[in-house]
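The values are calculated or read from the model by the stated rules, or taken from the named source; none is laboratory data. Computed from a predicted model, the values in this text were never measured in an experiment. Backbone-built Cβ (ideal geometry, glycine too); neighbour counts: all protein chains shown.
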Amino acid sequence: MNTDPAMPKVVATVESLRREVAAARRERQRIGLVPTMGALHEGHMSLVRASNDECEFTAVSIFVNPTQFAPGEDLDRYPRTFEADLNKLAECRVAVVFAPSAEHVYGPDHATWVEVDRIGRRWEGEHRPTHFRGVATVVLKLFNMVGPDVAFFGQKDYQQAALIRRMVADLDVPVEIRVCPTVRESDGLAMSSRNAYLSPGARRRATVLWKSLCLAREMVAQGERDADVLHRRMREVIASAEDSRIDYLALADPDTLEPVEQIDGPTLAALAVTIENTRLIDNEILHP
Ligand code: PAF
């Protein structure tokens, strides 16, 4: 545990976390939570800054949540860069970093799960059937552990943010959800901790996700309204990258995530593509 005063305070138990939050509450501070799995990049830092703008007290959780990984997924190789993460967080105003062990979060008798129907079943839910159950459960636990006024998520994980909004509304969780814009590399690739898995060649080809979204955005701006036509053109862009496979590509209502056939209002374009062995997701709202 670090004791360097320049570094954010790190706590590993719910009891010590609650002590920090309770002290801030006594000072009438607004509490912001940025949930992360570590391997922090500019995308995460933009969430921390958004919390700093709105809240006097920012808590960041760093927890690689095992229950959102299926057997055979990348739990073991998920990047863990705790010291570097703390150094990055030291540049912002972070009151506390909550970094519990898996055993602390999930007791041996853990038996309760949060399932979000409909939104949680499609796209990521179809390809990773137990993923969102793990996400919803850990996020609700984090909300209960911290008791934040506001929690910050990135638009890159659009479906995750929609699912969390649904859960918060359905279960009357007293927290406001903010969704902050995706932060991109200079060539448009959405920042993600998983980008570290890309080989140099796959990294170059990974720009096809953003290129296909930009093409859809331009076509819609120029009057295209037919979702089938957009699908076809987006698929062509993705297919131009060697060794790429589309897991899903959807044009959908931004609130319900129901697929649309015509672009009549703001429409979510969302996709997941595997390049070599790395699965990437991205999305953009198209405005007719
Ligand atoms: O987006 C993530 O990093 C994770 O899914 C989250 C929200 C921290 C839950 O583990």
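Using the structure shown, decide if residue 241 is part of a loop (DSSP other than H, G, I, E, B), closer than 19 Å to residue 276 by Cα, hydrophobic (A, V, I, L, M, F, W, C) and out of contact with any Asp or Glu (no Cβ under 9 Å at 6 or more places or on another chain). Considered against the rule, which asks whether it is part of a loop (DSSP other than H, G, I, E, B), closer than 19 Å to residue 276 by Cα, hydrophobic (A, V, I, L, M, F, W, C) and out of contact with any Asp or Glu (no Cβ under 9 Å at 6 or more places or on another chain), residue 241 comes out as yes. When the residues of the stretch 4-27 are narrowed to those that are among the acidic types (Asp, Glu) and either over 12 Å from residue 86 (Cα atoms) or at pLDDT 95 or above (or both), which ends up farthest from the ligand (Cβ to nearest atom)? Looking at residues that are among the acidic types (Asp, Glu) and either over 12 Å from residue 86 (Cα atoms) or at pLDDT 95 or above (or both), I get 27. Restricting the search to helices (runs of 4 or more DSSP H) fully inside the stretch 119-185 and requiring at least 1 residues that are farther than 19 Å from residue 259 by Cα and away from the ligand (no atom under 12 Å from the Cβ) gives 131-146, 158-170.
A count restricted to the stretch 168-181 and to residues that are under 26 Å from residue 141 (Cβ atoms) and touching a Ser or Thr at 6+ places or on another chain (Cβ under 9 Å) stands at 2.
Within the option set 120, 147, 154, being farther than 25 Å from residue 55 by Cβ, at pLDDT 95 or above and not β-branched (Val, Ile, Thr) holds for one residue only, 120. Kindly indicate the residue of the stretch 186-200 that is in contact (Cβ under 8 Å) with a residue 40 or more places away in the chain and part of a helix (DSSP H, G or I) and also farthest from residue 46 (Cα to Cα) among those meeting that condition. In this case the residue turns out to be 197.
Return the residues of the stretch 91-130 that are acidic (Asp, Glu) and within 18 Å of residue 168 (Cβ to Cβ); say none if nothing qualifies. Matches in the stretch 91-130: 115, 117. Does residue 208 count as touching a residue at least 60 places away in the same chain (Cβ under 8 Å), more than 24 Å from residue 38 (Cα to Cα) and β-branched (Val, Ile, Thr)? When the stated conditions are applied, residue 208 passes them. Being crowded, with 17+ Cβ neighbours inside 10 Å, among the polar types (S, T, N, Q), farther than 22 Å from residue 118 by Cβ and in contact (Cβ under 8 Å) with a residue 40 or more places away in the chain is true of residue 278. Taken over the stretch 188-206, the criterion of being over 19 Å from the mean Cα position of the chain (by Cα) and surrounded by fewer than 19 Cβ atoms within 10 Å (Cβ to Cβ) is satisfied by 199, 200, 201, 203, 204. Suppose we filter 179, 146, 173, 150 for residues that are of a type in the set (Val, Ile, Thr) and under 21 Å from residue 250 (Cα atoms); which single one remains? None of the others qualify; the one that does is 179.
Here are 102, 90: which of them is small (Gly, Ala, Ser), at pLDDT 95 or above and more than 20 Å from the chain's Cα centre (by Cα)? Within the list 102, 90, the selection yields 90. Quick check: is even one residue across the stretch 256-271 at pLDDT 95 or above, assigned to a loop (DSSP other than H, G, I, E, B) and within 19 Å of the chain's Cα centre (by Cα)? Yes, the stretch 256-271 contains at least one residue that is at pLDDT 95 or above, assigned to a loop (DSSP other than H, G, I, E, B) and within 19 Å of the chain's Cα centre (by Cα).
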